[in-house]
1. In segment 57-129, which trypsin sites (Lys or Arg not before Pro) fall in coil by DSSP and have 11 or fewer other Cβ atoms within 10 Å?
2. Show the residues, 5+ positions off or on another chain, whose built amide H is closer than 5 Å to the amide H of A101.
3. Count the lysine pairs in segment 1-143 whose Cα atoms sit under 21 Å apart, keeping only pairs 8 or more residues apart in sequence or on different chains.
4. Any chance you could run the full-extension gain for L36 through F89? It's 0.36 nm times the residue separation minus the Cα-Cα distance, nm to one decimal.
5. Find how much the distance from D134 to K25 grows on full extension, using 0.36 nm per residue of separation minus their present alpha carbon separation; answer in nm with one decimal.
6. Could you calculate the FRET efficiency of K97 with L154 from 1/(1 + (r/R0)^6), where r is the beta carbon distance between them and R0 is 41 Å, rounded to 0.05?
7. How much length would be gained if the chain were fully extended between L10 and D123, taking 0.36 nm per residue of separation minus their Cα-Cα distance, in nm to one decimal?
8. Give the separation of the Cα centroids, segment 2-75 to segment 139-157, in Å.
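Throughout, read-outs are computed from the coordinates displayed, never taken from laboratory work. Keep in mind it's a predicted model, so treat the numbers as computed, not measured. Positions of Cβ are backbone-derived with ideal geometry, glycine not excepted, and every protein chain shown enters the neighbour counts.
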Amino acid sequence: MKVLHITRTLPQEMLGPMYLSRAVKDAGHEMRAICLPDVRWLAKIREYQPDVITWSLMTGNHRPIFDVNRFLKSKFQFFSLMGGPHVTFVPESAREKGVDALCIGEGEEAIVELLNTLAKKGDWKQIRNLAWADADGTIHKNPVRPLVRDLDSLGLPDRSVIYDAQPLYKTSPQKTNGDCTEFRRPIPGTARVQVVYRCPQPN
């Protein structure tokens, strides 16, 4: 199965799709990305012919993504999978035209199970972490699988999926800061471990 992740070019590395790509490729599937703006984005989709297109939504960028997804649905045949914080907390997004399914919470295991199921033309509607809407608007939300505590088990993020789509990420300088910001309170359904960002060098 061929997966395509579409995203904007952002000022930071996008670890989410990198971890998804690692899981997808380790399971024997393919994954590429398109970083917008890209003047050849439609041509690239036509050439690649993805089976699944994935998106990561935050509240605020969700409406343009729904619009672009709906446009692509009028041009190509693919399974549309929406993930990210917005759909995790707003499962009503499943009612949007052109959305096949939402991924609630973390997606590394769910997307692999989805791809394996689609490859066999099986019933994907029982896969944990997925939500979808019937034609009458009824939303079905499957149970969410336990969070992955051992992040090392996911493997290293596949940076090539983003670097190939946007070479600027390979050459852009990184800026670090000396202060230390700690995030100790997990967000239900998304945060998996306590994380310390920008920790100063030990004395």
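1. Values: sites: R70, K73, K75, R95, K97, K120, K121, K125, R128; in loops: K75, K97, K120, K121, R128.
Here the trypsin sites (Lys or Arg not before Pro) that fit, given the DSSP loop and packing criteria, are K75, K97, K120, K121.
2. The list, which skips near neighbours in sequence, is S80, M82.
3. 20
4. Values: separation 53, 0.36 × 53 = 19.08 nm, distance 2.52 nm.
Once the chain is fully extended between L36 and F89, it gains 16.6 nm.
5. Numbers: separation 109, 0.36 × 109 = 39.24 nm, distance 3.08 nm.
Separation in residues times 0.36 nm, less the Cα-Cα distance, equals 36.2 nm.
6. Working: r = 33 Å, r/R0 = 0.81.
The formula returns an efficiency of 0.80 here.
7. Length gained, L10 through D123: 37.2 nm.
8. So the two Cα centres are separated by 20 Å.
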